Amino acid sequence: MKQKNNYKRILIASLMGAAILGTTTSCRDDFAEINSSPSQVTTAQPTYLFAQAVLKFEPAGYLYWFYNAPMMYSWAQMAAPTDGYGSDFTTTTATGEQGSQYLETLKYVREVEYYQSTLSEEEADQYNNILACLNTITAYLGVFDTDMYGDIPFTEAAKGLHGGTLTPGYDTIESLYSLWLEQLNAAINTLTTSTNQIELLGQDVVYSGNMAKWAKLANSVKLKIAARLLAKNKAQALQITQEVAQASCGYIDSLDDAMLFNKATNNTSSNDYAYHWNNGFMTGTAASQRVLDFMLDNKDPRVRFCYTKNEWNSEIIQAFYDQDRHIPTYIEENVEYTTDANGKKTFVKWKGMGEPWVRYYGIPVEFNASNNASKYGDYFNYTTNFQLNEINGSNYKSYRPYSMFQRQMINGRTYNTSVPTVPGGPVIERTDDRPWYGLYMGSAEVNLYLAEFKLLGASLPKSAEEYYNQGVKASVEEYDRLAELNQIAYYGTTYNYDPNEVSIELKAGELDAMMENTDYQLTGSTAEQLEKVYIQQLLNFTLYPDDQFVTARRSGLPQFNSDLIARENFSVVPVTNIPRRMDTGIPVETDLMYQIKIDAFSRQGLTPTTAGPNGITLNSERLWQDQGAPQWGEGPSL
């Protein structure tokens, strides 16, 4: 059965959001002023409520990337500040979207539940699939929000519009994990057995109404919870994993099943839904030298999809030679050149791995590296150290010698492609907005979880090596697909400026060659194999700051003195000073939720904090799921 389009209902569904979210910020008088007579309100149909929920679904919005992500990457030591690590890197800044993203979909869950309550049982049951899908993405966001902020209001939350409390109590993480597992199991059962359901079809941009794929997603999300339960209840985590592997609905095991979609090509309310945001982010965070070196040593194509080429193409190098200017040593090591009688150098070709690999370099993670000019000077202050002057002119340009995060994978606009050219040279750029595609859960994540839990003792049908190999290969293929869909710079093109430029798309044979490297083969002791699995999880989560941080936190990786990716042990800033969560914020007494928040923090053993030097507190006062996990750098527990 299909529902007739009703755009008035969509508008009303959107307006409901503010009222429903009033569980934490509004007062009863607000509702008295904005409520209309029930006879004047058109009830929003669940199909359109679902479409609006998906539009609002966002695990990591702009503020999260702007504030939280740089801290999380640097604390996990999977990326580095562009000015290097200093004594203040543990100081927290303002944070964005503090544990409330789940409310963006929970309010629609409540609205569908209310709508069902107005119908006969037979009529209400026709919307069970829609509710199951909404519960799945709400559980997903709930896991994400509790990762860094702890307990949240959930069972009593978002009910204010229909007579619920405006001051909902906080649920514990432990109880929420149990609740979400129950809801996900119920969703799987509903999605695989229900009949006579209202069809979503075009209202479902995620899976186009394919309930079998929604069931696989619900089953796969359970693994996110299992991974986070490991330090608290290993037996339960193993049991969950076994249930996922044995479930008749299956799990996300191919690119076709992945939760990968574009919300819209345009949107009249906000084109952020189509393209993501207009503003910059991650401008002070660069690739880690140790992470990139590891990926390059193993010719991992993901380096090309997760990071940008530096700005030193062969034309730029030749221009530096022509002006007799210094070139970063680590770049020139990959250049073959000739020198004439007058000492002038001429670029011949790239040495080493060649293009495109020689265009990727990271920032050193050694402490205060930016202050050690004799050893690390070529990595810093590039705006003044590496300039070219325009011939017979006054203009000049500077050139970044290291790689940044590939923000075109996160944002379909703002980050225009501009090919590095010499001063006075051609302007080669692309400035069009591109509808953005996001991957929220894929086969790589799922299979790498299964490899981990197999090594930890779960009874699973395949070997750890099979899951691992499939997960690593899927990660490369998923990133390649995302890079293609998001049309990132140099994908499938070289822009016809530098004759030595090479495009970055996945090439034939690269995947097999990568897997032949010893570092990418699942060999060694159980501890060594676990490290390899966790390393691959970390790499797979390169563009997912929360999941990468949680993986680093629960695994103790990168590990000190590792032969793979080694964590630097800063003597000046011990690991006990490095945060493991975000600030709680300081509740204000005028907040209706003031005492409830204070009590929730107290119950968790958390001191209310705001931005500042809170590293020791944010390390020692751990969230429930982090209690018992290894300290930074200690490595995984068996």
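The values are calculated or read from the model by the stated rules, or taken from the named source; none is laboratory data. None of these values were measured; they are calculated from a predicted model. Using ideal geometry, Cβ is built from the backbone for each residue, glycine included, and neighbour counts are taken over all protein chains shown. These area figures cover heavy atoms from the full protein model, side chains too; ligands, DNA and RNA do not enter into them. Shrake-Rupley method; radii C 1.70, N 1.55, O 1.52, S 1.80 Å.
Things to note:
- Across the alpha-carbon atoms of region 532-578, the computed radius of gyration and Dmax are 11.1, 31 angstrom.
- More than 23 Å apart - percent of Cα-Cα pairs taken over region 93-227: 35 percent
- Dividing the summed -39500 (n - 2.57) terms of all DSSP H runs of n ≥ 4 by the residue count of the chain sets its mean residue ellipticity at 222 nm at -12000 deg cm²/dmol.
- Less than 5 angstrom separates the built amide H of Ala158 from those of Thr23, all sequence-distant by 5 or more or on a different chain.
- Using the 1.4 Å probe convention, the accessible area of region 547-638 works out to 42 Å² per residue with neighbouring protein chains retained.
- Residue-normalised accessible area of region 442-538, given per residue in Å² at a 1.4 Å probe: 35 Å²
- Space enclosed by the convex hull of the alpha-carbon atoms of region 309-417, per residue, Å³: 142 Å³
- Amide hydrogen proximity for Arg567: with H placed 1.01 Å from N in the peptide plane, the residues at 5 or more positions away or on another chain lying under 5 Å are Gln559, Phe560, Asn561, Ser562.
- Using only Cα coordinates, the Kirkwood hydrodynamic radius of the chain works out to 26.2 Å.
- Surface share of carbon and sulfur [accessible, 1.4 angstrom probe, percent] for the chain: 45 percent
- Using alpha carbons only: equivalent-ellipsoid semi-axes of region 545-638, gyration tensor based, whole Å: 30, 14, 10
- Sorting 114-124, 548-558, 45-55 by their mean Cβ neighbour count within 10 Å, with the most densely packed peptide first, gives 548-558, 45-55, 114-124.
- The packing ranking, built from the mean of other Cβ atoms within 10 Å per residue, places the peptides 294-304, 244-254 in the order 294-304, 244-254, highest first.
- Under 14 Å of direct C-alpha separation, and excluding same-chain neighbours fewer than eight residues apart, Lys159 reaches these aspartates and glutamates: Glu104, Glu111, Glu113.
- Percent of alpha-carbon pairs separated by more than 22 Å within region 54-154: 46 percent
- Computed from the Cβ-Cβ distance with R0 of 30 Å, the FRET efficiency linking Ser178 to Ser208 stands at 0.40.
- Members of Lys224/Lys309; Lys56/Lys224; Lys309/Lys473; Lys263/Lys454 lying beyond 29 Å, as alpha-carbon distances in this model show: Lys224/Lys309; Lys263/Lys454
- Using the Stokes-Einstein relation with a Kirkwood hydrodynamic radius computed over Cα pairs, the translational diffusion coefficient of region 252-339 at 37 °C and a viscosity of 0.692 mPa s comes to 187 µm²/s.
- Nonlocal amide H pairs with Thr285, under 5 Å, H built at 1.01 Å: Thr82
- Couplings 3J(HN,Hα) for region 465-476, derived from phi with the Karplus relation 6.51 cos²θ - 1.76 cosθ + 1.60 (θ = phi - 60°), are 5, 5, 4, 4, 4, 5, x, 5, 5, 4, 4, 4 Hz, where x marks Gly and Pro.
- For region 482-552: rounded, prolate or oblate by the Cα gyration tensor [a/c cutoff 1.5]: oblate
- For region 251-293: accessible area per residue (Å², 1.4 Å): 39 Å²
- Average projected area [Cα convex hull, region 133-206], square nanometres: 6.5 nm²
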